[in-house]
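Undergrad: One structure follows; several queries about it will come next.
The values are calculated or read from the model by the stated rules, or taken from the named source; none is laboratory data. Every value quoted in this text rests on a predicted model; they were computed, and no experiment measured them. Cβ sites come from the backbone with ideal geometry, for glycine too, and all protein chains shown count toward neighbours.
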Amino acid sequence: MPYVVLLGPPGSGKGTQAGALAQALGALHLSTGDLFRENLSQGTELGQLAKSYMDRGAYVPDDVTVAMVFDRLRKPDAANGAVLDGFPRTLPQAEALDRGLAERGAQVDRAILLNVPDEELIRRLSGRWLCRVCGTPYNLTSSPPKQPGICDRDGGVLYQRDDDKPEVVRTRLEVYRDQTLPLVEYYRRQGKLVEVNGAGDIATIQRHLVAAATEAAAR
Ligand code: AMP
């Protein structure tokens with residue numbers, strides 16, 4: 001039952017990579033950002049609450065986020081472990097995760113940090129467009145759709161996330177530095193951290209991630 005935490009700044013490719021990594025490990029892909037957006041599109045109370053934070057690029061409160069994660073981890077499709085994408089993002093979340101997993105006789109096996117230079121992050125986030133139907137991400141400069149504004153897979157209309165607009169992107173990067181970067185040390189001290197270069201092509205990064213998630217000991 002592997003539990004793998006994927007750490008990295010907004011725009012580092014966590015979402016794209018976490019799905020494929022989870023598939024390779026036979027584990028659940030659990031993205032807190034996706035769960036908040038799902039709640040938002042279903043008009044739930046949790047979605048409304050999350051929106052007020054997400055729109056500003058701020059983090060949703062820890063207690064709300066942690067409760068949502070453990071609700072999800074209790075479902076049957078989480079029985080074979082999970083790749084945690086965008087969670088934990090604060091020290092209290094990391095501590096709550098450790099406690100919650102310990103109660104089930106499990107632990108975080110690996111924390112993988114995807115490293116991408118700042119200029120590249122800003123370029124990726126400001127050029128990111130997603131399909132409204134299937135969520136496939138495109139980038140206007142590095143991986144544009146064949147037809148502008150239309151998804152190659154299903155013809156869905158592409159949209160830009162509100163929090164990918166430049167002013168919000170800046171706040172998200174600052175919040176990441178203040179609140180999430182300390183987790184790198186947290187997992188390093190536990191001997192669980194592996195760093196992967198997130199700036200190459202998607203398939204190479206994926207290979208490195210699978211190796212990092214499955215190798216026996218942290219380097
Ligand atoms: P993401 O899709 O991972 O970039 O997340 C989008 C937004 O959802 C973030 O900017 C936060 O507002 C919120 N969010 C996602 N995960 C967390 C988390 N672990 N803790 C608090 N807020 C979160």
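Undergrad: Can you say whether R189 is surrounded by 18 or more Cβ atoms within 10 Å (Cβ to Cβ) and not aliphatic (A, V, I, L, M), as far as the supplied structure shows? Steps first, please.
TA: On the way: surrounded by 18 or more Cβ atoms within 10 Å (Cβ to Cβ): no; not aliphatic (A, V, I, L, M): yes.
Here the answer is no, as R189 does not meet what is asked.
Undergrad: Now for a separate question. Considering segment 65-93 alone, what residues qualify as being within 22 Å of E215 (Cβ to Cβ) and of a type in the set (G, A, S)?
TA: G81, A82
Undergrad: List every residue pair whose Cβ atoms sit under 7 Å apart, with the two residues 6 or more apart in sequence or on different chains, where the first one lies in segment 43-58 and is under 23 Å from L173 (Cβ atoms) and the second, anywhere, is basic (K, R) and near the ligand (Cβ under 6 Å from one of its atoms).
TA: These pairs meet every condition: G57/R172.
Undergrad: Say we look at segment 172-204 and pick out the residues that are under 26 Å from S143 (Cα atoms) and of a type in the set (S, T, Y); which of these is farthest from the chain's Cα centre (by Cα)?
TA: T204
Undergrad: Considering each of L21, L35, L7 in turn, give the residue that is within 30 Å of V210 (Cβ to Cβ) and without any contact (Cβ under 8 Å) to a residue 40 or more places away in the chain.
TA: After applying the criteria, what remains is L35.
Undergrad: Also: Consider R99 against the criteria (1) within 14 Å of the ligand (Cβ to nearest atom); (2) charged (D, E, K, R); (3) assigned to a helix (DSSP H, G or I): it satisfies all of them except one. Which criterion is unmet?
TA: (1)
Undergrad: Continuing with the same structure: Do we find a residue being of a type in the set (K, R) and without any contact (Cβ under 8 Å) to a residue 60 or more places away in the chain anywhere in segment 192-206?
TA: Checked against the condition, which is being of a type in the set (K, R) and without any contact (Cβ under 8 Å) to a residue 60 or more places away in the chain, segment 192-206 yields no hits at all.
Undergrad: Moving to a separate point now. Mind checking which residues of segment 118-168 are at pLDDT below 90, away from the ligand (no atom under 13 Å from the Cβ) and of a type in the set (A, V, I, L, M, F, W, C)?
TA: I122, L140
Undergrad: Which one of these is touching a helix residue (DSSP H, G or I) at 6+ places or on another chain (Cβ under 7 Å) and either over 25 Å from D118 (Cα atoms) or away from the ligand (no atom under 11 Å from the Cβ) (or both): L6, L40?
TA: Values: L6 fails: either over 25 Å from D118 (Cα atoms) or away from the ligand (no atom under 11 Å from the Cβ) (or both).
It is L40.
Undergrad: A follow-up question, please. Given the conditions (1) more than 8 Å from the ligand (Cβ to nearest atom); (2) aliphatic (A, V, I, L, M); (3) surrounded by fewer than 16 Cβ atoms within 10 Å (Cβ to Cβ); (4) not in a helix (DSSP H, G or I), which single one is not true for A58?
TA: Status for A58: all satisfied but (1).
Undergrad: Ok, one more. Return only the number of the condition from (1) under 20 Å from R124 (Cα atoms); (2) touching a helix residue (DSSP H, G or I) at 6+ places or on another chain (Cβ under 6 Å) that R56 does not satisfy.
TA: Unmet for R56, out of (1) under 20 Å from R124 (Cα atoms); (2) touching a helix residue (DSSP H, G or I) at 6+ places or on another chain (Cβ under 6 Å): (2).
Undergrad: Right, something else. Quick check, is Q42 over 19 Å from L121 (Cβ atoms) and surrounded by fewer than 16 Cβ atoms within 10 Å (Cβ to Cβ)?
TA: For Q42, the condition - over 19 Å from L121 (Cβ atoms) and surrounded by fewer than 16 Cβ atoms within 10 Å (Cβ to Cβ) - is met.
Undergrad: Let me ask something else about it. With the condition kept exactly as written, say whether any residue in segment 4-14 is among the β-branched types (V, I, T), in contact with a Lys or Arg (Cβ under 7 Å, 6 or more places away or on another chain) and farther than 13 Å from R89 by Cβ.
TA: For segment 4-14, residues among the β-branched types (V, I, T), in contact with a Lys or Arg (Cβ under 7 Å, 6 or more places away or on another chain) and farther than 13 Å from R89 by Cβ: present.
Undergrad: Exactly one of these conditions fails for V83: (1) closer than 21 Å to P182 by Cα; (2) touching a strand residue (DSSP E or B) at 6+ places or on another chain (Cβ under 8 Å); (3) more than 10 Å from the ligand (Cβ to nearest atom); (4) without any contact (Cβ under 8 Å) to a residue 40 or more places away in the chain. Give me its number.
TA: (4)
Undergrad: How many residues are among the aliphatic types (A, V, I, L, M), within 12 Å of the ligand (Cβ to nearest atom) and in contact with a helix residue (DSSP H, G or I) (Cβ under 8 Å, 6 or more places away or on another chain) if we restrict to segment 61-80?
TA: 4
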